[in-house]
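What follows is one structure encoded as structure tokens, with my remarks underneath.
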Amino acid sequence: MVIWGLNFVFAKWGLAQFPPIFMMGLRWAIVAAVLLPFVRMPRKKLAGILRNVGAAIAEDPAVQASMDERFEETFAAVERNFAEVAAALFPGGEGRLRLTEPGADDEEPGIEVELRPAGKRVTRLSLLSGGEKALGAIAFLFALFLARPCPFYLLDEVEAALDDTNIGRFVELLRRYSDRAQFVVITHQKRTMEAADTLYGITMEQAGVSKVVSVRLRAAA
């Protein structure tokens, strides 16, 4: 349907009417349409594998007990880290993670995130502002990072909804843990860029030709 719609547009307006940027988008649309069936097939297979693994675990009490023990240990570590990071991102406030039990309608157990910014009584995420929700998500990501560290992390526009004050707290969080891992941050925020060691940008000096430009801020300082 995507390709038919684009063909109709071309027939009506003509191929020459579209700038080079749009042509790049057209190529990606065609690639996505071609690859979509190949993406859906592994997804179905993965769902079947998960069902088989779940059935195998249910039949072996020892495996289930081992998984429960590992989950409890990991959750305890993430819970401690979340409280610590939330206190840094919400000065004077607090945050915690809570396990939820299955409901009467056979719901799966889950994890509920509770945050209380300074001066507020609300704890549910649904009652918080967009910026506060973003800070809560960042706190949860860093809580996982501290529990199961990796060499580097890719953060894509995670601070887009934050104001300058909260961006400053986010930047301080990056600096605090920069000795443990590398952070690759995709951002349009000026304050986040100012705190980076190296900047990579995309420019288009010629129509339809993209070029990567890098600047080492710390070396230039």
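Any chance you could count how many residues in the stretch 31-75 are small (Gly, Ala, Ser) and in contact with a helix residue (DSSP H, G or I) (Cβ under 9 Å, 6 or more places away or on another chain)?
We begin by selecting, within the stretch 31-75, every residue small (Gly, Ala, Ser); these are 32-33, 47-48, 54-56, 58, 62, 65-66.
Cutting the leftovers down to in contact with a helix residue (DSSP H, G or I) (Cβ under 9 Å, 6 or more places away or on another chain) gives us 32-33, 56, 58.
Going through the stretch 31-75 one residue at a time, the tally reaches 4.
Quick check on my filter: what residues within the stretch 168-194 are of a type in the set (S, T, N, Q) and either surrounded by 14 or more Cβ atoms within 10 Å (Cβ to Cβ) or assigned to a helix (DSSP H, G or I) (or both)?
Within the stretch 168-194, Thr187, Gln189, Thr192 meet the criteria.
Taking the condition hydroxyl-bearing (Ser, Thr, Tyr), within 23 Å of Ser129 (Cα to Cα) and either more than 19 Å from the chain's Cα centre (by Cα) or buried (at least 16 other Cβ atoms within 10 Å of the Cβ) (or both), does Thr165 pass? Reasoning before the result, please.
Values: hydroxyl-bearing (Ser, Thr, Tyr): yes; within 23 Å of Ser129 (Cα to Cα): yes; either more than 19 Å from the chain's Cα centre (by Cα) or buried (at least 16 other Cβ atoms within 10 Å of the Cβ) (or both): yes.
Against the criterion (hydroxyl-bearing (Ser, Thr, Tyr), within 23 Å of Ser129 (Cα to Cα) and either more than 19 Å from the chain's Cα centre (by Cα) or buried (at least 16 other Cβ atoms within 10 Å of the Cβ) (or both)), Thr165 qualifies.
Of the conditions (1) at pLDDT below 85; (2) in contact with a helix residue (DSSP H, G or I) (Cβ under 6 Å, 6 or more places away or on another chain); (3) within 30 Å of Ala134 (Cα to Cα); (4) not charged (D, E, K, R), Leu97 fails just one. Which one is it?
Condition not satisfied by Leu97: (1).
Residues to consider are Ile202, Ile186; find the one that is modelled with pLDDT of 90 or more and either within 24 Å of Phe82 (Cβ to Cβ) or not basic (Lys, Arg) (or both).
Selected residue: Ile186, the only one of Ile202, Ile186 that is modelled with pLDDT of 90 or more and either within 24 Å of Phe82 (Cβ to Cβ) or not basic (Lys, Arg) (or both).
Against the definition (touching a Phe, Trp or Tyr at 6+ places or on another chain (Cβ under 7 Å) and surrounded by fewer than 13 Cβ atoms within 10 Å (Cβ to Cβ)), how does Ala118 come out, yes or no?
Details: touching a Phe, Trp or Tyr at 6+ places or on another chain (Cβ under 7 Å): yes; surrounded by fewer than 13 Cβ atoms within 10 Å (Cβ to Cβ): yes.
In short, yes.
The values are calculated or read from the model by the stated rules, or taken from the named source; none is laboratory data. These numbers were taken from a predicted model, which means no experiment stands behind them. Note that we place each Cβ from the backbone using ideal geometry, even for glycine, and neighbour counts take in every protein chain shown.
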